[in-house]
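Asker: The following block contains the structure, expressed as structure tokens.
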Amino acid sequence: MKAIMHMDLDTFFVSCERLIDSRLNGKPVLIGGTSDRGVVASCSYEARRFGIHSAMPMRMARQLCPEAIILRGNSGIYSKYSNNVTEIIKEAVPIYEKTSVDEFYADLSGMDQFFGCQKIASELRQKIIHETGLPISFGLSINKTVSKIATGEAKPNNEINIQHGTEKPFLAPLSVKKIPMVGDATYRSLCNLGVKKIKTIQEMPMEVMERVFGKNGISMWKKANGIDNSPVVPYQERKSISTERTFDKDTIDVRKLEGILTAMAENLIFQLRRGNKLTACVTVKLRYSDFQTYTLQKRIPYSASDHTIIPVVLELYRRLYQRRVLVRLIGVRLSHLVEGGHQISLFEDSNMINLYQAMDKIRDRYGDRAIMRASGMEAKSISRWNPFTGEPPPLLANRRR
């Protein structure tokens, strides 16, 4: 029998700040962009009572709770605590998956023969709380979907074990918005159909859901009925994506080298966002005309933002390029990748997030190089596929048909 544990650190960014400053305990706290154009990256439960939630414009959050304490946040600190929790989980379970800086799955299947999965999960949670001081909740069931929903019901700082055979009754009274794949648009569509509780989907024929929502309808119906066969994917800490450029003619043109490195980095960062990934390590590679090769890397807080990563790439290049000899090859690698969208980048100005989203939409539709920085225009061939799916960009895919 499968036993899948889902763990989520409660109000992670706020909890980290409270470890640093105990005066924040019990008070409404907002983390995110401090200007009116910023957005809320995380908020305490005290702030949520005022109707505040993540991704809300900071100006609106201030209006709802004028007495809230607003912090810019420190993504470096959050990455450090995330790594501490990861190390504890790594030592305790045979297979775990890190889906973001504050969310994990663990496959405990078979461990019930020794101490019982519930006992092991509870002891792991208590160890994390004791060693890091961070509150964490978990759900335990036979699959990832039910466990994730159970974690949401367990919060704050608690645990729920959904016994085999009770998945459907557990899910039935909950809002359809609790299903992981249901976003705001899908939720509105379901409400328009009069579907607000998961029980209603459970009672509907799967064919009806498919007719209305296509393949997503089938997936939604299965999740509503507690069916999910997706495995816990073992976490690989050193996954990476990279790109290199070998010049037809060795060059010493500094502006050209920096422009091409910028274009390389910009494309790799787009691939990160496209694959819902964050990087924590940047590496630059340089090969001179005499074939001497040098690399330099730097750890950074988890990010998928151009304005965070590109300056690091250029900094590493300038530290690396000391010989003033003709250059034969340059390259960039982003490693230590984890699943995660814009959690960290929510600290940035909301206009910056909107800009990235708009740029990414253009690239998805017209190709990777449809929009780019002027300094990287000389980079004529950077990437032509999605390294996470193996799919070519739209224009190239069309040409191949």
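Asker: On a 24 Å Cα-Cα criterion, which of the cross-link pairs Lys148/Lys196; Lys148/Lys197; Lys144/Lys298 come out too long?
Answerer: On the way: Lys148/Lys196 19 Å; Lys148/Lys197 17 Å; Lys144/Lys298 34 Å.
In this structure, Lys144/Lys298 lie more than 24 Å apart at Cα.
Asker: List, largest first, the extents of the alpha carbons of region 1-162 along their principal axes, each in whole Å.
Answerer: 54, 26, 23
Asker: While we're here: Express in nm, to one decimal, how much length is gained between Ala358 and His53 on full extension, taking 0.36 nm for each residue of separation and deducting their alpha carbon distance.
Answerer: Details: separation 305, 0.36 × 305 = 109.80 nm, distance 2.34 nm.
So the chain would gain 107.5 nm between Ala358 and His53.
Asker: Counting other Cβ atoms within 10 Å, which chymotrypsin sites (Phe, Trp or Tyr not before Pro) in region 1-97 have at most 16 and lie in a DSSP loop? The partial results should precede the final answer.
Answerer: On the way: sites: Phe12, Phe13, Tyr45, Phe50, Tyr78, Tyr81, Tyr96; in loops: Phe50.
Taking region 1-97 and a limit of 16 other Cβ atoms within 10 Å, the loop chymotrypsin sites (Phe, Trp or Tyr not before Pro) found are Phe50.
Asker: Also: Please report, in debye to the nearest 20, how large the charge dipole of region 181-321 is about its Cα centre when each Lys and Arg carries +1 at its beta carbon and each Asp and Glu carries -1 there. Kindly include the intermediate steps, with their values, before the conclusion.
Answerer: Details: 23 positive and 15 negative charges, 71 e Å.
Its charge dipole is roughly 340 debye.
Asker: When the convex hull of the C-alpha atoms of region 195-255 is computed, what volume per residue in Å³ does it have? Before the final figure, lay out the partial values.
Answerer: Working: hull volume 15.1 nm³, N = 61.
Given the Cα convex hull of region 195-255, per-residue volume reads 248 Å³.
Asker: Could you tell me the center-to-center distance, by alpha carbons, between region 216-264 and region 132-163 in angstrom?
Answerer: That distance is 29 Å.
Asker: Could you tell me which of Met204, Leu190, Ile218 has its Cα farthest along the dipole of region 169-224 towards the positive end, charges placed at Cβ (Lys, Arg +1; Asp, Glu -1), taken about the Cα centre?
Answerer: Towards the positive end, the residue furthest out is Leu190.
Asker: Count the lysine pairs in region 1-123 whose Cα atoms lie under 26 Å apart, taking only pairs 8 or more positions apart in sequence or on different chains.
Answerer: Pairs that pass both the separation and distance tests number 9.
Asker: I've got another one for you. Under 1.5 on a/c is rounded, so check that first for region 169-224, then, if it is not, pick prolate when a/b is larger than b/c and oblate when it is not; a ≥ b ≥ c are the square roots of the alpha carbon gyration tensor eigenvalues.
Answerer: Details: a/c = 1.41, a/b = 1.14, b/c = 1.25.
Since a/c stays below 1.5, the shape of region 169-224 is classed as rounded.
Asker: Let me ask you something else. Using only alpha carbons, build the gyration tensor for region 177-284 and give me the equivalent ellipsoid semi-axes, biggest first, whole Å.
Answerer: Working: eigenvalues 439, 52, 26 Å².
They are 47, 16, 11 Å, listed largest first.
Read-outs: derived from the displayed coordinates by stated rules, not from any lab. Keep in mind that this is a model prediction, so the values were computed, not measured. Note that we place each Cβ from the backbone using ideal geometry, even for glycine, and neighbour counts take in every protein chain shown.
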